[in-house]
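K.L.:
Here you go, one structure.
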Amino acid sequence: MARKRETLETADPSVVSKRKDLAERIRAATGSAGEHPTLIPGLALFYRTKPTACYRATYEPSFTVFAQGRKRINLGGEEYLCRPGSFLLSSIDVPVQSQIVEASDEVPLLSMLLRLDMPTVREVISRDDPPEIEPASHRRGIAVGETTVGLMNTCIRLIELLDTPEDIHFLSDLLQREIVYRILRTSQAKRLRAIATAGDLSQKTARAIAWLRANFAKPLRMDELADVARMGVSTLHHQFRSLTAMSPLQYQKQLRLQTARQRMLMDGLDATSAAYEVGYESVSQFSREYSRFFGQPPMRDVKALKENKVVAIDAA
């Protein structure tokens, strides 16, 4: 049974007012349903008008604010409910199950996603060490927190930059640094600080995750991965499972299957070609594992996705 981690909708009228301002900004900047990349590096705006079935998604290091609507995320049996006024912090590349649970034409889900530049995060930490925060009760690679007036204000100002494109080059970096600073003033700071701090076990595990993402088609040798992370094999196993709720081998398998699905859906590969491309030596093994993971055989799954116009991998 999934354990739930939720943030309560804040009663602070100042935060509620800012959340409404942010929702109007996102609606005005997008204008229509869908995912909207912007001229600001790393910033995307989302406008969703329908609930979805549960789907597989991959979250890279990022910060997402939900101005309107609700979304449910499941990682390793723990559920995270993203409500209006909450934010989702993903501090590592982690595959999850995701579902939009509240969105309509009248009240769409409106959110903004900012991909985190870890060197920038480390720079902010080094310049202003935040006060000690009460440690979180879990060490997963994602966390849900409540926004503050200061954080909302900075997000609004970042989106306002879209009205003056000539200012983006100079001001967007400053505002993104301020967003990192504001996150480090919330109760979820510990998760981000742990990943960004050199020498921390979470940061070392993140190094192993980055290597796996770049080399998922290669055979997995735990001693080699442990060398990359600069820790012992048993320690790596423990830390990896703590952050991602899965073993390195399970993580690699999910990367392979999700990449194969994307290649079949977007590039028209057949199941055999996709299996070999992502590192499988046996097509029958690929088909079995694909069916267990996605619920049906590869080509039937891809056909259903195309008929329903579903994107295989989503980010917000």
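K.L.:
Residues in region 232-250 that are in a loop (DSSP other than H, G, I, E, B) and over 15 Å from ARG221 (Cα atoms): how many?
P.N.:
Final tally of qualifying residues: 2.
K.L.:
At least 1 residues that are modelled with pLDDT under 90 and of a type in the set (D, E, K, R) in each: list the helices (runs of 4 or more DSSP H) lying fully within region 118-198 that qualify.
P.N.:
Once the helices (runs of 4 or more DSSP H) in region 118-198 are filtered for at least 1 residues that are modelled with pLDDT under 90 and of a type in the set (D, E, K, R), what remains is 118-127, 189-196.
K.L.:
What are the pairs with Cβ atoms under 9 angstrom where one residue, in region 284-305, is under 14 Å from MET264 (Cα atoms) and the other, located anywhere, is of a type in the set (Asp, Glu) and surrounded by 14 or more Cβ atoms within 10 Å (Cβ to Cβ)? Sequence gap at least six, or different chains.
P.N.:
From residues that are under 14 Å from MET264 (Cα atoms), the pairs are TYR290/ASP301; PHE294/ASP301.
K.L.:
Right, next: Can you go through LEU269, LEU220 and tell me which one is over 22 Å from the mean Cα position of the chain (by Cα), over 22 Å from VAL96 (Cβ atoms) and in a loop (DSSP other than H, G, I, E, B)?
P.N.:
Answer to the check: LEU269.
K.L.:
Follow-up question, since we're still on this one. Restricted to region 284-316, and to residues that are loosely packed, with under 13 Cβ neighbours inside 10 Å, under 24 Å from the mean Cα position of the chain (by Cα) and closer than 14 Å to LEU257 by Cβ, which residue is modelled with the highest pLDDT?
P.N.:
Result: ARG292.
K.L.:
Among the residues in region 232-240, are any at pLDDT below 90, over 29 Å from GLY295 (Cβ atoms), among the β-branched types (Val, Ile, Thr) and not assigned by TED's automatic domain parsing to the domain that holds VAL96?
P.N.:
no
K.L.:
Moving to a separate point now. List the strands (runs of 3 or more DSSP E) inside region 58-101, counting only whole elements, that have at least 1 residues being assigned by TED's automatic domain parsing to the domain that holds LEU45 and in contact with a helix residue (DSSP H, G or I) (Cβ under 8 Å, 6 or more places away or on another chain).
P.N.:
The qualifying strands (runs of 3 or more DSSP E) are 62-68, 70-75, 86-90.
The values are calculated or read from the model by the stated rules, or taken from the named source; none is laboratory data. A quick note: this is a predicted structure, and the numbers were derived from the prediction, not measured. No Cβ is skipped: glycine too gets one built from the backbone with ideal geometry, and neighbour counts run over all protein chains shown.
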